[in-house]
Amino acid sequence: MSASIPNRAKALRERLEALESLGANMEEASNLEGLRSDLVSPASDLSRALDQRALLVDSGIDVEAPPSLTAVRKRASEILEKFKVEQTAAILKKGTRWPKLISELKIASNDVADTVAKTWKAYRQEIFTGENPAIVKGRIAFTPANKTAFQLYEKQHRDFLEEFKRLPSDLTGIERVQSLAAALTETTKSFDYNVPVEVKSFLEAVQSGGAPLDLLTDTVKTWLAENDAFASYRILPRGADGGR
């Protein structure tokens, strides 16, 4: 029986050592989990910003990579190499490398997101360089054909701007703005700027609330007749029809 005492003592020592090792491992695991928790939010934010950037780039829209993105990639790579050699929480927390990584992740995330937003906004001016409807309205005579074209242009332009109030969530969103830009360009070709000065003055006055009879010149009458537009206008005494 006495011979079994050393064996039991050895087994107990080994058990105690195993429990001590397990405790140490649990503490290490807890430390690593804490570091992982620090990393989750900023890493997720950067990942989303990079996905948005990739969407634009894959669609042929050049998005500059901010310097902060290169910096955080370099720091993350250096930390990873050290961790491969010694896989402990201590090596990750040594010095200021971990808080710097978290800080640089946040900076890079904000910079990428900001660059993507600015690039998307600039893309609007790149794919369609036409005028705002308010400017177009002041430059064309409101002939029946121009009026129809303008109403279409105004709607297309409104829809076009609406798409740029938010970033595209997928390729379909980018294709939609490209389609709208093409439609706007096509609609601008429908505007007829070639009308006599007298006709333009008459039509602008009508659009502004009413044209005096002295603007109804022979040139205007001829143009109205040639464009079958007489029926679109009527003569009213001043003050009639809502006070005009």
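When residues of the stretch 58-72 are filtered for being open to solvent by less than 60 Å² (accessible area, probe 1.4 Å) and under 17 Å from the mean Cα position of the chain (by Cα), how many remain?
5
Please verify whether the stretch 116-136 includes one or more residues that are open to solvent by 70 Å² or more (accessible area, probe 1.4 Å), of a type in the set (D, E) and at negative phi.
yes
Can you name every residue in the stretch 102-143 that is hydroxyl-bearing (S, T, Y), at pLDDT 90 or above and more than 14 Å from D62 (Cα to Cα)?
S103, S109
Among the residues of the stretch 233-243, which ones are open to solvent by 70 Å² or more (accessible area, probe 1.4 Å) and either modelled with pLDDT of 70 or more or under 12 Å from F202 (Cβ atoms) (or both)?
R234, I235, L236, P237
On the basis of being out of contact with any strand residue (DSSP E or B) (no Cβ under 9 Å at 6 or more places or on another chain) and closer than 30 Å to L32 by Cα, does L152 make the cut?
The answer is no for L152.
Identify, please: which residue in the stretch 160-189 is more than 24 Å from D58 (Cα to Cα) and among the charged types (D, E, K, R) and is, among those, most open to solvent (accessible area, probe 1.4 Å)?
K189
On the basis of being farther than 30 Å from Q178 by Cα, polar (S, T, N, Q) and free of Cβ contacts under 8 Å to residues at least 60 places away in the same chain, does S68 make the cut?
yes
Go through the stretch 157-184 and give me each residue that's in a helix (DSSP H, G or I) and among the basic types (K, R).
R158, R176
Since Q156 meets every condition but one in (1) within 30 Å of L224 (Cβ to Cβ); (2) open to solvent by less than 50 Å² (accessible area, probe 1.4 Å); (3) modelled with pLDDT under 90, which condition does it not meet?
So Q156 meets the others, but not (3).
Does the stretch 102-113 contain any residue that is surrounded by fewer than 12 Cβ atoms within 10 Å (Cβ to Cβ) and part of a helix (DSSP H, G or I)?
no
Here is a list: R139, R53, R75. Which entry is open to solvent by 40 Å² or more (accessible area, probe 1.4 Å) and under 19 Å from K165 (Cα atoms)?
R53
Please verify whether W98 is under 30 Å from E27 (Cβ atoms) and part of a helix (DSSP H, G or I), treating the condition exactly as stated.
It is true that W98 is under 30 Å from E27 (Cβ atoms) and part of a helix (DSSP H, G or I).
The values are calculated or read from the model by the stated rules, or taken from the named source; none is laboratory data. On a predicted model such as this, the values are computed, not experimentally measured, just so you know. All Cβ positions, even for glycine, are placed from backbone atoms using ideal geometry, and neighbour counts span all protein chains on display. Each accessible area value is taken on the protein alone, full model and side chains, heavy atoms only, with ligands, DNA and RNA left out. Shrake-Rupley method; radii C 1.70, N 1.55, O 1.52, S 1.80 Å.
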